[in-house]
Structure formats: structure tokens, C-alpha cells
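Below you'll find the structure, written out as C-alpha cells, and then a few comments.
Read the figures in this text as sums done on the coordinates, not as results from a lab. Every value quoted in this text rests on a predicted model; they were computed, and no experiment measured them. Neighbour counts are summed over all protein chains in view; Cβ atoms, including those assigned to glycine, are modelled from backbone coordinates with ideal geometry.
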Amino acid sequence: MSIIDLCCVCSSIESFKTMSLCQYSIVFALLFVGAFGYGDNELFLPLKTLQKMHHKHNEPSCSSQKSRSENGAIILEMKHKDYCFRSRGDLNKRLQKRLLADDIRVRSIQSNIKKISSKQVEALSQTTTTQIPINSGVTMQTLNYIVTVTLGGRNMTVIVDTGSDLTWVQCQPCRLCYNQPEPLFNPSISPSFQTVACNSSACLSLESATGYSGLCGTNSQTCGYLVSYGDGSYTKGDLGQDHLVLGRTSVDNFVFGCGRNNRGLFGLASGLMGLGRSDLSLISQTSGVFGGVFSYCLPSTEAESSGSLIFGGDPSVFKNSTPISYTKMVPNPQLFSFYFLNLTGMTIGGVAVQDSSFGKSGFLIDSGTVITRLPPSIYKAIKAEFLKQFSGYPSVPGYSILDTCFDLSTYEEVNIPTIKVHFEGDAQMEVDVAGVFYFVKNDASQVCLALASLQYEGEIGIIGNFQQRNTRVIYDTKQSQVGFAKETCSFM
């Protein structure tokens, strides 16, 4: 089994007065829950300290990555990109930019789902365990989470994406590359790098993995690829294979994209790790080692916290505080690469929300989308019940894609209804308190419910990473199931 540690690292928390919003969200989840009571239906939370907080950070240090082994697993520390390369611009502009980027991501997913409607794939096989650190992508100016892997002997920091299949990195020589702090991958200096031929099985698998066939010109020894993410983002280059190291687990002849023409919302990451289900995904390529099982625990994005991405199915390395409840993946031969679940209901403060749309269409669970998107009818019902229970607090205008916002700046304590998401088979995911509200302003004068509506009923609902925080999410592609358990995300 392999654990990739997810870290959203910030400066040391010495006092609440110097905490940033991201630091508060972690203490919010870890400290206040224990100190002030987390009941079955609501959380009593003091908010007075929000008014005194500054967005002040010590200079981050991401030069040294920690690692350890545990119960046969290799655990590597992973930091969030946004922490290591934190932008110093205006907070409100950064928050607005992030939500706009998330909206583009969702539109891209809807577009890709329609485009790949003819996709049919198979997958999966057997056994092992490895851990590598995973971080929030905030430091890399992306809302996604990141991990560091070793490819061809060089460390590469990549975005973790369950909604993509092909793993790729920016390569030399590069015709059009965005800026990244790490050196570009140079295949010419890697003794284990090999090109992938046009008549290879990997090249023939490209269409099912990316929606585009292999691009073969006059040179039959080189298989070109193109991945378009629907929002204008893309990567184009050649397929290659090289030696991949996840923690201390080695994978020979790993097929990946060597991107020589790349544009889009990738922040400062060196590339992307595809954790989908097609033959070219990392999960399928390593199924003989890890058994087609991986899991993660996502920490708050802008705080001095860490989580883990684990490859392999040994639950002894998890730190969950509640039993794991599993739900079946919804089979979809046309969209096999995505992870669909049957969302059967939601409860707000212990009250079951009624809507006829529950259980009728699959929801996509995605590590790259930030804010959970609900079909309009479900969102309307959820919003109404939340407002009924979270009453008496002054409302304020919406913010970007979030339309249910409050001014909590004059309150010392608020009672926040718990939110639970229910799936087929009696599985449930309890949304951590850090995933209920999106703090727009540090004085708590604009705090928004962190859920949003899709534009149309026919669009696919998405469970975003903001609501998956402090939850161990297990993807078992061999058994075709996804599990959930509460866990205080930590690399330590």
C-alpha cells in the first residue's frame, strides 16, 4: 500500500490573534469541535476570535520533505502548493479567482462527460501498500491537492485528480509551457526514459483515457497525445515511459504524458496525476502492486495541516475515528473512468431533506472540484432547510457561485446544523465543520454556505473536496466501492 501525504502547510499556530482564515478552519475543525461540543444535529461554535484574526503567515518552508514507514507503508510528507508558493495579493481577489476557477472546472467536467459519452473501458487487478505525502494546492495557486512523486530520478509536484486518467508533466524541450518553480522534466537526461510507439497498446488506449486518439505523424516510434479539459486548459505532447517512485515503491515502465505545449488552470504544479479508471490511469497501471485501491484524507487547504494519499487497501494505516461505511460505485459503461455514486439523501441538523431527485442519477465524487454542486431542485430544498435551522442571523449578498451568505461578525457563538450525505447501502459522509461554511471575510461579515447549485437539472451532481475535508475516502476499484469514515487529517 502507498500513502501520499496531503499537506496544507501554514506557519506555526502560536495564538489565535495571528491565525489566518486557513489556520482558523483547522482549529475550527479540530479544537472547537472538542471544546464546545459536536452534537448529532448541531455544533455550538464561538466566532468572536474571527474578528481579531489577521492574514499573516510566517514564510513557508517546503525545501525538506519528511517521510516515514508504517506497517509496511511508505509515508511521504506532501504540502499544498498554495502554501509553498503563497500569493501575496488581495484576499478577496484571490477568493473570487478561486471560486471562478472552480466554476470553470465544473463546466469543464460537464462538457467532458458529454464528450466522452461513447467511452467504454475495463480495468483492475491485485496487492501492496505505499504512502506519499499529499498537500493542498493553494501554495501552487491551484485549489487542487498536490503530491510529490519521483519520475526518472527527479521529484515532480503534481495535482491529484480523480477526474482525469493520463498522468503528465511539463517536459523539455517545451514549445509553450506555463511557469513552474521546479525544473522541467528532461527526458534526455533520464537513463530509463523511453518513447511510446504508435502501434503500442498504450497509444491505442489514449482515446478511452482522453477522448482523443493517439497523434501519429511520420514518426511511428512516437505517439502524440492531446488532453483538453473543456475550459480552454490543455496539454499536448508525446507519450513516454519511465521509472516512477511513489514513496519507496517503484513502478517500472510507467506510461505518462511528456507535455510540450501546456496551458490552463494548473497553477504552479509540474503536471497532473490521473487517478481515474481507464487503462492509462495511475491506478490501473499500478493495480498489480496496490490492488486497485487508494484513499485520501484532505486537510483544510490553507493551513498548517497535512493529510495523506494512500495507495493500497490495508486499513491499519488509516486513522479514522468512525467505522468505514461503503457504497457501491454506480456502473456507467459509457463513462467508466469516472467515480459515480448513488446519493440517496441528505440531512440537515438531523432532518431528512425531501426531494424526488434523490437516488435517480449518479453523483460524481471528485478530488479536483472544490465546492459541492447539487441539482437545482435538491439545492433549493437543502438551502430552505438550512435557513430554517440557521435562523436569526442577518443575510448578506452572495459571493461568486455561493448565494447563501451571512454576517456573523457580531456573534460570539453560532449553532451550526450538521450536514450528512447519504448513499446507497446505508453509507454516509458527515461533512466536517470546516466544510460547512466558506469564510469570505476575516471579520466574519460575509460567511457563506459552501454548497452551490448546478445550472440545469440534467447536469451531473458533484461532491467536491471542500466537503470531503477531514474524511477518509477509500476508492476500491476491484470491489467497485467507495468508503467513508471521519478522520482528523494529519501526516504525523
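One table, with the values for the structure above:
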quantity: Cross-link table Lys380/Lys441; Lys360/Lys441; Lys236/Lys328; Lys236/Lys360; Lys319/Lys420; Lys236/Lys441, entries beyond 32 Å C-alpha to C-alpha; calculated: Lys360/Lys441; Lys236/Lys328; Lys236/Lys360; Lys236/Lys441
quantity: Sequence ranges 311-322, 182-193, ranked by mean other-Cβ count within 10 angstrom, highest first; calculated: 311-322, 182-193
quantity: For region 334-343, Karplus couplings with θ = phi - 60° (6.51, -1.76, 1.60), whole Hz, Gly/Pro x; calculated: 7, 10, 4, 5, 8, 9, 9, 10, 9, 7
quantity: For Ile401, distant residues with modelled amide H under 5 Å away; calculated: none
quantity: Peptides 413-421, 145-153 ordered by average Cβ neighbours within 10 Å, highest first; calculated: 145-153, 413-421
quantity: Over region 190-306, relative contact order from alpha-carbon pairs under 8 Å, at least 6 apart, %; calculated: 18
quantity: Length gained when the stretch Leu176-Thr322 is fully extended (0.36 nm per residue, less Cα-Cα span); calculated: 47.8 nm
quantity: Backbone HN-Hα couplings from phi across region 165-182 [Karplus 6.51/-1.76/1.60, Hz, Gly and Pro as x]; calculated: 10, 7, 7, 8, 9, 6, 10, 8, x, 10, 7, 8, 10, 7, 6, 9, x, 7
quantity: Computed lengthening from Asn155 to Ser190, 0.36 nm per intervening residue step minus Cα-Cα distance; calculated: 11.4 nm
quantity: Estimated inter-spin distance, Tyr234 and Glu412, nm [label 7 Å along Cα→Cβ]; calculated: 5.9
quantity: Gained length - Ser395 relative to Ser250, 0.36 nm times residue gap less alpha-carbon distance; calculated: 46.9 nm
quantity: Ordering of 264-273, 477-486, 234-243 by burial proxy (mean other Cβ atoms within 10 Å per residue, highest first); calculated: 264-273, 234-243, 477-486
quantity: Percent RCO, i.e. relative contact order, over region 358-492, from Cα pairs under 8 Å lying at least 6 residues apart; calculated: 35
quantity: For region 410-475: relative contact order, % (alpha-carbon pairs under 8 angstrom, 6 or more apart); calculated: 27
